[in-house]
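Trainee: Below you'll find the structure I mean.
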Amino acid sequence: MASVFVCPPMLAALPDVFHPLTDIGIRVIFNTGAYPLDAAGLSASIGDAEGAIIGLDIVTASQFGACPKLRIIARNGVGMDTVDVKAATQAGVFVTVPYGANSTSVAELTFGLMIALLRGMICNHNRAQNGVWRREPGVELAGKTLGIIGLGRIGKKVAQRARAFEMGVIAHDIAPDTDFAQAHGIEFVTCEALLERAEIVSLHVPLTDQTQHMIDEAALMHMQHGAFLINAARGAVVDTAALARSLDSGHIAGTALDVHPVEGQVDAALLQRPNVLTTTHLGAYTHDALAATARVAVSSLVQFFTGQPVDNLVNPEAIYFIHLSPKESSL
């Protein structure tokens with residue numbers, strides 16, 4: 001009997017989602033241990049399974065050598081920086097991503113972060129809970145210019161919500177969707193122009209060699225004095241040391257970060273600051289998004305196991321490596 005290992009433990013609370021797999025005779029094994037798993041733990045847990053659903057786990061070339069029966073990995077999120085796709089391809093392992101399934105949750109959190117930051121809601125709440133009644137003026141969103149770096153599935157949903165809040169929206173993207181921009185009154189500009197013009201900058205790009213530390217000292221200095229930065233993309237897109245210095249100088253008025261360079265911890269330089277709001281990678285962490293991404297992952301797995309074309313494939317070229325030996329596939 002073929003089997004699928006499901007690594008995110010929270011998905012065990014959605015048994016109905018996995019019925020399409022069990023209905024075709026696939027055994028589903030849920031992770032009951034640590035999460036995310038380290039390399040050795042992930043290899044041991046996948047074992048002889050032909051498929052796996054992974055979340056925040058780091059998937060390296062070592063997994064493919066240690067799990068020779070593995071043929072498909074379904075990501076339960078949209079970021080691909082945690083998976084060595086090249087190694088997967090050379091090992092003849094398909095990788096899928098649930099494109100768009102969690103976009104609404106991330107966009108909604110982005111706006112929650114934006115409002116909470118600009119109105120000082122967290123500090124105000126903490127004072128009120130401790131018996132201190134003090135009001136400090138915040139900043140309205142209406143009339144402000146939001147700069148969105150990365151106008152993809154999530155960025156577009158953020159833009160639509162910004163327009164509803166009567167904000168002006170400018171954007172930068174390496175593959176601009178001009179039809180969407182025209183329909184929603186969005187202007188595409190260079191990254192430098194966006195940083196200079198936007199009062200609030202929101203990041204929605206994947207982590208790649210090109211985007212790592214794209215918001216560095218120079219980029220921060222290009223931003224308006226008193227601007228705000230929101231990051232619900234990937235932690236390493238921002239140079240947090242440079243960001244701390246910009247906050248110290250007052251050049252950046254505040255920042256809200258849902259993602260951090262090291263998963264599971266906030267950079268020490270950004271702790272205990274009233275103008276820094278940090279959350280624990282909650283963007284796609286809603287009941288709705290978890291169920292939606294799991295359904296897409298399961299659908300891709302069912303397609304694979306029943307010999308159908310697989311939707312949401314990142315590396316369809318992996319099919320050319322399936323029948324090669326490990327030695328041949330490394331050539």
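Trainee: Outside any loop (DSSP other than H, G, I, E, B), open to solvent by less than 20 Å² (accessible area, probe 1.4 Å), farther than 16 Å from G150 by Cα and not aliphatic (A, V, I, L, M): does that describe S246? Before the answer, list the steps.
Mentor: Numbers: outside any loop (DSSP other than H, G, I, E, B): yes; open to solvent by less than 20 Å² (accessible area, probe 1.4 Å): yes; farther than 16 Å from G150 by Cα: yes; not aliphatic (A, V, I, L, M): yes.
Here the answer is yes, as S246 does meet what is asked.
Trainee: Can you say whether L194 is open to solvent by less than 80 Å² (accessible area, probe 1.4 Å), within 12 Å of L146 (Cα to Cα), under 23 Å from the mean Cα position of the chain (by Cα) and touching a residue at least 24 places away in the same chain (Cβ under 8 Å), as far as the supplied structure shows? Let's see the steps before the verdict.
Mentor: Values: open to solvent by less than 80 Å² (accessible area, probe 1.4 Å): yes; within 12 Å of L146 (Cα to Cα): yes; under 23 Å from the mean Cα position of the chain (by Cα): yes; touching a residue at least 24 places away in the same chain (Cβ under 8 Å): yes.
The answer is yes for L194.
Trainee: With A39, A61, A12 as the choices, which residue is without any contact (Cβ under 8 Å) to a residue 24 or more places away in the chain, farther than 13 Å from F305 by Cβ, open to solvent by 10 Å² or more (accessible area, probe 1.4 Å) and among the hydrophobic types (A, V, I, L, M, F, W, C)?
Mentor: On the way: A39 fails: without any contact (Cβ under 8 Å) to a residue 24 or more places away in the chain; A61 fails: without any contact (Cβ under 8 Å) to a residue 24 or more places away in the chain.
Only one candidate qualifies: A12.
Trainee: Hey, can you tell me all the residues within region 230-246 that are closer than 11 Å to L270 by Cβ, of a type in the set (A, V, I, L, M, F, W, C) and in contact with a helix residue (DSSP H, G or I) (Cβ under 7 Å, 6 or more places away or on another chain)?
Mentor: Hits for region 230-246 are A241, L243, A244.
Trainee: If you go through region 17-35 one residue at a time, how many are open to solvent by 60 Å² or more (accessible area, probe 1.4 Å) and at pLDDT below 95?
Mentor: Qualifying residue count for the region: 3.
Trainee: OK, next. If you check G150, G112, G79, G138, which single one turns out to be open to solvent by less than 20 Å² (accessible area, probe 1.4 Å) and modelled with pLDDT of 95 or more? If you could, list the steps in order and put the result at the bottom.
Mentor: Numbers: G112 fails: open to solvent by less than 20 Å² (accessible area, probe 1.4 Å); G79 fails: modelled with pLDDT of 95 or more; G138 fails: open to solvent by less than 20 Å² (accessible area, probe 1.4 Å).
Every option except G150 fails the conditions.
Trainee: Among the candidates A159, A142, A116, single out the residue that is of a type outside the set (K, R), in contact (Cβ under 8 Å) with a residue 24 or more places away in the chain and part of a loop (DSSP other than H, G, I, E, B). Let's see the steps before the verdict.
Mentor: Values: A159 fails: part of a loop (DSSP other than H, G, I, E, B); A116 fails: part of a loop (DSSP other than H, G, I, E, B).
The unique qualifying residue is A142.
Trainee: Under 9 Å by Cβ, and 6 or more places apart or on different chains, what pairs join a residue from region 197-221 that is open to solvent by 50 Å² or more (accessible area, probe 1.4 Å) with one that is aromatic (F, W, Y) and in a loop (DSSP other than H, G, I, E, B)?
Mentor: Partner pairs satisfying both residue conditions: none exist.
Trainee: Based on what the data block shows, is L56 among the aliphatic types (A, V, I, L, M) and either in contact with a strand residue (DSSP E or B) (Cβ under 9 Å, 6 or more places away or on another chain) or farther than 21 Å from D38 by Cα (or both)? Quick ask: steps written out before the conclusion?
Mentor: Details: among the aliphatic types (A, V, I, L, M): yes; either in contact with a strand residue (DSSP E or B) (Cβ under 9 Å, 6 or more places away or on another chain) or farther than 21 Å from D38 by Cα (or both): no.
Spelling it out, it is not the case that L56 is among the aliphatic types (A, V, I, L, M) and either in contact with a strand residue (DSSP E or B) (Cβ under 9 Å, 6 or more places away or on another chain) or farther than 21 Å from D38 by Cα (or both).
Trainee: Count, please, the residues in region 82-109 that happen to be touching a Ser or Thr at 6+ places or on another chain (Cβ under 8 Å), open to solvent by 10 Å² or more (accessible area, probe 1.4 Å) and among the small types (G, A, S).
Mentor: The total comes to 4.
Trainee: In addition: Checking G235 against (1) touching a Pro at 6+ places or on another chain (Cβ under 6 Å); (2) touching a residue at least 40 places away in the same chain (Cβ under 8 Å), which single condition isn't satisfied?
Mentor: (2)
Trainee: Can I ask one more? Select from region 253-272 the residues that are open to solvent by less than 60 Å² (accessible area, probe 1.4 Å), of a type outside the set (A, V, I, L, M) and out of contact with any Ser or Thr (no Cβ under 9 Å at 6 or more places or on another chain) and list them in ascending order. Outline the logic, then answer.
Mentor: At the first step, the residues of region 253-272 found to be open to solvent by less than 60 Å² (accessible area, probe 1.4 Å) are 253-260, 266-267, 269-270.
Next cut, of a type outside the set (A, V, I, L, M) only: 254-255, 258, 260, 267.
The one that is open to solvent by less than 60 Å² (accessible area, probe 1.4 Å), of a type outside the set (A, V, I, L, M) and out of contact with any Ser or Thr (no Cβ under 9 Å at 6 or more places or on another chain): G254.
The values are calculated or read from the model by the stated rules, or taken from the named source; none is laboratory data. No experiment lies behind these values; they were computed from the predicted model shown. When we count neighbours, we look across all protein chains shown, and the Cβ atoms used for this are built from the backbone with ideal geometry, even at glycine. Each accessible area value is taken on the protein alone, full model and side chains, heavy atoms only, with ligands, DNA and RNA left out. Shrake-Rupley method; radii C 1.70, N 1.55, O 1.52, S 1.80 Å.
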